[in-house]
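In what follows, a structure is listed as structure tokens, so that the remarks can point back to it.
The values are calculated or read from the model by the stated rules, or taken from the named source; none is laboratory data. Model, not experiment: these values are computed from the prediction. Quick reminder, even Gly has a Cβ in these numbers, built from the backbone with ideal geometry, and neighbours come from all protein chains shown.
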Amino acid sequence: MAKTIFIEKKIFEHPRTTKILNVIKARNIIKIDHYGEIFNRNRQNFRIQKDNLNYIIATKKNNLVIPTPTSTTLVKGYYFSHMYNCIYDCDYCFLQGHFNSAYHVYFINYEDFEKAIVNESRKTKTKTWFFSGYDCDSLASEKITGFAEHFVPLFSRLENSILELRTKSSRTAELLKIKPNPNVVCAFSLNPQNIIDLFEKGTPSLSSRMRAVKSLSEKGWKIGLRFDPLILAARHKDDYLELFELAVNCIPKDSIHSVSIGSLRLSESHHKKMVKNDMRNQLLFDNQYSYKEKLWQGDSEIRDVEIWLSKRLKKLIPQSSIFLSE
Amino acid sequence: MCYEFNLVIIIAYIREARAIFDLNRFEEIKDAPFITFREHKILVIICGQGRLRAAAAVSFAKTLCEYKLIFWLNIGAAGHRNLSIGTVVQAGKIYDLETDRSWFPSTPFKKNIAAVEINTCDIPIENYPKDVCYDMEASGFIELAQIDSIPEQLAVVKVITDNHSNPFRHQSINELEMSMRKKKNTVTTLVADYMAQAAVIADSIKPIILPWWLRTIKFTATQRNEVKHLINNYRVQSKEQRLPFLKISKTASTRDVLNQLRQVWSGGNT
């Protein structure tokens, strides 16, 4: 049970607010004017709040659809966030350095997001990517938000646009009820089980993620495999090779929409804030990583392993795209 | 042992304080601008009526605290249209009717203590226009206490002492004290809970302190930050809280000492 849910006054009686309140049973409900009053306050401690979660239900007015940052991804497109923060607690997650607060914010003005997506997709005739799951996990909170249920049908009407649902969740029940949509890619972040145990607290195990991948692909959904971030030491080389093979053999090749691989990277400002928030996070103090050109990234030894792994992956699946930080 | 902190409790009237705490156990601080009681790291300050006095009491408390980390608690009486006399509530939102500003303290109490909006006013409210609690100190308290504090260091607990059927103007201070006294056990349990939570939070946000054998070395601010970073790095990598003693030459410059620390602590190799 949540301790406190803060709700913006103007959407207090919105049907989506009611739906969320039916799922998250709140002990206390406080009306607020704007989510920023709580979420953007200075002097908050992300780690303390993460262990003691509260929730905010709000509407997002500006920057509904944002161009993807060129420093961290290869694909040009847009991202949008129906939610801020994530139910999982990965040690490397940049959200710890991105937001002042760990409270979950649910934005419920889906119709405004829809308009912004349609506007952007009409501006060009080339394929446009829309990524969800940048500031949250796309599917993990589906039961609360009904996000995929709302947005997947939208993308079947937008022929030149692709929606990527990036997730670590094994929650597929809602998606399996919807007719598969060729303009939607369910992209699963994968890591070897020993890395999940060490650095991805609260996330589903590799085997349950693979089961989710399999059931969605059998139903006809396009699958994206995202080996991102690679958390490497030389001893993990074989674990990743095993993972690549497991993932590729788990589903038919024609179900694989795309495969990508990316190194562990954080912007310098995010890394510094994360260190300040969580002085006990072992990964952030790894000596094999340091600041280079405003990015916190691995040393040459790590890069060699990453390049080697990416070549192996390319051999396994020639259409995979590689994103390794410079 | 957890990192040390002070707990400051701000209360408007001495009779409210007496109703909740056994003040004989506390030592009174003489010649202070506010009536102040102390028991170890707990300070109880009687601020008087009104938000300005509450704010002044918070400022005064900061001068008395021996620890950098302070947890703040405002206990007092409040009125509400419907809530029955004796209901204990915690503030989820504090709104100042004069300045039109809001604050959001933590809601740390779990035992069926409802989190409510508290509106702070300059004069006692008698008609309870909105479905919120009314008091006279909370906004002054939190406006000053929030400086240098995270929300989890701030809490406000109120006992409902007046409502529509028993409004403020018909009440004597004796009745107010009686209403508070009836809730003594509940409020003291909440204070104990808050102390326990404060200890956990204090431990998780404690700053890095240089070991005694490094404290006399006159590092620059930048060097001192790097030493702290090295200490933390060593602790995380080696999972050992105690730092190994290093022999440092008396004639070594601060730069030499820093180099020595870098060599020994970086990566946790001792």
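Some notes on this structure:
- Single condition A:ILE20 does not satisfy, out of (1) buried (at least 17 other Cβ atoms within 10 Å of the Cβ); (2) in contact (Cβ under 8 Å) with a residue 40 or more places away in the chain; (3) not in a helix (DSSP H, G or I): (3)
- Per the conditions (1) within 27 Å of B:ILE205 (Cβ to Cβ); (2) at pLDDT 90 or above, the sole criterion not satisfied by B:ASP256 is (1).
- Taken over region A:96-128, the criterion of being crowded, with 21+ Cβ neighbours inside 10 Å, over 18 Å from A:ILE57 (Cα atoms) and of a type outside the set (Gly, Ala, Ser) is satisfied by A:GLN96, A:ILE117.
- Pairs with Cβ under 6 Å, 6+ apart, first in region A:163-182 and in contact (Cβ under 8 Å) with a residue 40 or more places away in the chain and surrounded by 20 or more Cβ atoms within 10 Å (Cβ to Cβ), second among the small types (Gly, Ala, Ser) and in a strand (DSSP E or B): A:GLU164/A:ALA187; A:ARG166/A:ALA187; A:LYS168/A:SER189
- Considering region B:96-112, the residues that are farther than 26 Å from B:GLU175 by Cα and more than 19 Å from the chain's Cα centre (by Cα) include one that is surrounded by the most Cβ atoms within 10 Å (Cβ to Cβ), namely B:ASP96.
- Neighbours by Cβ (under 7 Å, 6+ apart or cross-chain): first from region B:12-31, in a helix (DSSP H, G or I); second basic (Lys, Arg): B:ALA19/B:ARG181; B:ALA19/B:LYS184; B:ILE20/B:LYS184
- Selection from region B:52-85 of residues that are outside any loop (DSSP other than H, G, I, E, B), more than 26 Å from B:ILE125 (Cα to Cα) and not basic (Lys, Arg): B:SER59, B:PHE60, B:ALA61, B:THR63, B:LEU64, B:ILE70, B:PHE71
- Contacts under 7 angstrom Cβ, first residue in region A:194-221 being without any contact (Cβ under 8 Å) to a residue 12 or more places away in the chain, partner assigned to a helix (DSSP H, G or I), 6 or more apart: A:ILE196/A:LEU206
- Those residues of region A:31-53 which are of a type outside the set (A, V, I, L, M, F, W, C), in contact (Cβ under 8 Å) with a residue 40 or more places away in the chain and within 10 Å of another protein chain (Cβ to nearest Cβ), in sequence order: A:ARG41, A:ASN42, A:GLN44, A:ASN45, A:ARG47, A:GLN49, A:ASN52
- Residues located in region A:1-11, provided they are surrounded by fewer than 14 Cβ atoms within 10 Å (Cβ to Cβ) and either among the aromatic types (Phe, Trp, Tyr) or within 12 Å of chain B (Cβ to nearest Cβ) (or both): A:MET1, A:LYS9
- Remark: A:LYS61 matches the filter, which requires a residue to be over 29 Å from A:ASP286 (Cβ atoms) and modelled with pLDDT under 95.
- Unmet criterion (only one of (1) more than 26 Å from A:ILE307 (Cβ to Cβ); (2) in contact (Cβ under 8 Å) with a residue 24 or more places away in the chain) for A:PRO229: (1)
- Matching residues in region B:49-84 - criterion: being β-branched (Val, Ile, Thr) and crowded, with 19+ Cβ neighbours inside 10 Å: B:VAL58, B:ILE70, B:ILE75
Results for (1) of a type in the set (Gly, Ala, Ser); (2) within 14 Å of another protein chain (Cβ to nearest Cβ); (3) under 18 Å from A:SER290 (Cβ atoms); (4) touching a residue at least 12 places away in the same chain (Cβ under 8 Å), shown as yes or no for each residue.
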| site | (1), (2), (3), (4) |
| --- | --- |
| B:PHE219 | no, no, no, yes |
| B:LYS247 | no, no, no, no |
| B:VAL257 | no, no, no, yes |
| B:ARG262 | no, yes, yes, yes |
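- Among the candidates B:ALA54, B:ALA61, B:ALA19, B:ALA32, the residue that is closer than 16 Å to B:MET136 by Cα and among the small types (Gly, Ala, Ser) is uniquely B:ALA54.
- For region B:141-171, filtering for residues that are within 14 Å of chain A (Cβ to nearest Cβ) and either in a loop (DSSP other than H, G, I, E, B) or surrounded by fewer than 18 Cβ atoms within 10 Å (Cβ to Cβ) (or both) leaves 5.
- Among the residues of region B:98-112, those identified as within 22 Å of B:LEU190 (Cα to Cα) and within 10 Å of chain A (Cβ to nearest Cβ) are B:TRP103, B:PHE104, B:SER106, B:THR107, B:PRO108, B:PHE109, B:LYS110, B:ASN112.
- Count of residues meeting criterion [of a type outside the set (Gly, Ala, Ser), surrounded by fewer than 20 Cβ atoms within 10 Å (Cβ to Cβ) and either in contact with a Ser or Thr (Cβ under 9 Å, 6 or more places away or on another chain) or within 13 Å of A:TYR110 (Cα to Cα) (or both)] in region A:136-152: 2
- The residues in region B:183-226 that are under 30 Å from B:TRP265 (Cα atoms) and exposed (fewer than 11 other Cβ atoms within 10 Å of the Cβ) can be counted, and the count is 7.
- Test: residue in region A:252-271 that is more than 14 Å from chain B (Cβ to nearest Cβ), assigned to a loop (DSSP other than H, G, I, E, B) and acidic (Asp, Glu): no
- Residues that are assigned to a loop (DSSP other than H, G, I, E, B) and either within 11 Å of another protein chain (Cβ to nearest Cβ) or more than 24 Å from the chain's Cα centre (by Cα) (or both) within region B:113-138 comprise B:ILE113, B:ILE123, B:PRO124, B:ILE125, B:GLU126, B:ASN127, B:TYR128, B:PRO129, B:LYS130, B:ASP131, B:VAL132, listed in sequence order.
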